[in-house]
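Below you'll find the structure, written out as structure tokens, and then a few comments.
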Amino acid sequence: MRLRLVEDIRAIKRNDPASRGLDFLLYPCLHAMFNHRLIAHPLYRCRLFFLSRFFSQLSRFFTGIEIHPGATIDGGFFIDHGMGVVIGETARIGPNCVLFQGVTLGGTGKQKGKRHPSLGANVLVGTNATLLGPIEVGDNAKIGAETVVINRDIPANCTVVGTPGRIVRLNGRRVEPPEPLPLSGYRQSEKQTESEWEANYADNLLDDTAGSP
């Protein structure tokens, strides 16, 4: 955890040219990560859920950054400005990721288990972008400001913009016209279940109709 905090400090220096001298100590991102890595997340892993949420909400009050204590975040994480960022319980964030203010890594409903996004390494998420559902974001992906992605995976080495998000660059080449994102694995299984339910319902309806006098 301490090593990851050192990587977080290096991420501030690497990603923000305005950082000079010891002013990294004033960054709300660093305060939020100090609380998450050393207090809230360890308490959550010990199943002390009330205490972990208490400290995460305390951090939210002082920094404007809401990180659920269950979220897993690798080192080198940086949130520029930070205000309004929301990171859900089952979110996973890989090494050296950057989020700007107003980003939401949230869920789409009340389903159990994995329900928040997973970010690979070196992912950049722009201001006020919204990522919802148990989606996978590949390494080196860039997500533009105000982009909305719901239940769709984002391939590695691509740039995604728009509402809904579409791929405009892939492996360094412009994509014209922009391509839609593939459905997430979770959404594919959900749609298959819905199709099976509809087919069973139709079969039962036909059987009832056939059996009527």
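The values are calculated or read from the model by the stated rules, or taken from the named source; none is laboratory data. Every value quoted in this text rests on a predicted model; they were computed, and no experiment measured them. In this analysis, Cβ positions are derived from the backbone assuming ideal geometry, glycine residues included, and neighbour counts consider all displayed protein chains.
General observations
- Scanning the stretch 69-99 for residues that are over 12 Å from the mean Cα position of the chain (by Cα) and farther than 13 Å from residue 36 by Cα gives 76, 78, 79, 80, 81, 82, 83, 84, 95, 96.
Per-residue answers, yes or no, for (1) farther than 26 Å from residue 134 by Cβ; (2) at pLDDT below 95:
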| residue | (1), (2) |
| --- | --- |
| 17 | yes, yes |
| 20 | yes, yes |
| 24 | yes, yes |
| 41 | no, no |
| 49 | no, no |
| 61 | yes, no |
| 73 | no, no |
| 86 | no, no |
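- Among (1) over 18 Å from residue 81 (Cα atoms); (2) buried (at least 22 other Cβ atoms within 10 Å of the Cβ); (3) β-branched (Val, Ile, Thr), the one test that residue 161 misses: (2)
- Looking across the stretch 28-83 at every residue that is part of a helix (DSSP H, G or I) and of a type in the set (S, T, N, Q), the one that is farthest from residue 17 (Cα to Cα) is identified as 52.
- Condition check for residue 127: closer than 11 Å to residue 103 by Cβ, assigned to a loop (DSSP other than H, G, I, E, B) and in contact with a strand residue (DSSP E or B) (Cβ under 7 Å, 6 or more places away or on another chain): yes
- For residue 83, the conditions (1) touching a Pro at 6+ places or on another chain (Cβ under 8 Å); (2) among the aliphatic types (A, V, I, L, M); (3) crowded, with 19+ Cβ neighbours inside 10 Å are fulfilled apart from (3).
- Only one of the numbered conditions (1) touching a strand residue (DSSP E or B) at 6+ places or on another chain (Cβ under 9 Å); (2) surrounded by 18 or more Cβ atoms within 10 Å (Cβ to Cβ) is violated by residue 95, and that is (1).
- Exactly one residue out of 66, 176, 146 is surrounded by fewer than 23 Cβ atoms within 10 Å (Cβ to Cβ) and under 19 Å from residue 32 (Cα atoms), and it is 66.
- Candidate set: the stretch 134-143, residues that are part of a loop (DSSP other than H, G, I, E, B) and out of contact with any Lys or Arg (no Cβ under 7 Å at 6 or more places or on another chain); chosen: the one surrounded by the most Cβ atoms within 10 Å (Cβ to Cβ): 141
- Residues located in the stretch 154-177, provided they are assigned to a loop (DSSP other than H, G, I, E, B), modelled with pLDDT of 95 or more and within 24 Å of residue 109 (Cβ to Cβ): 162, 165
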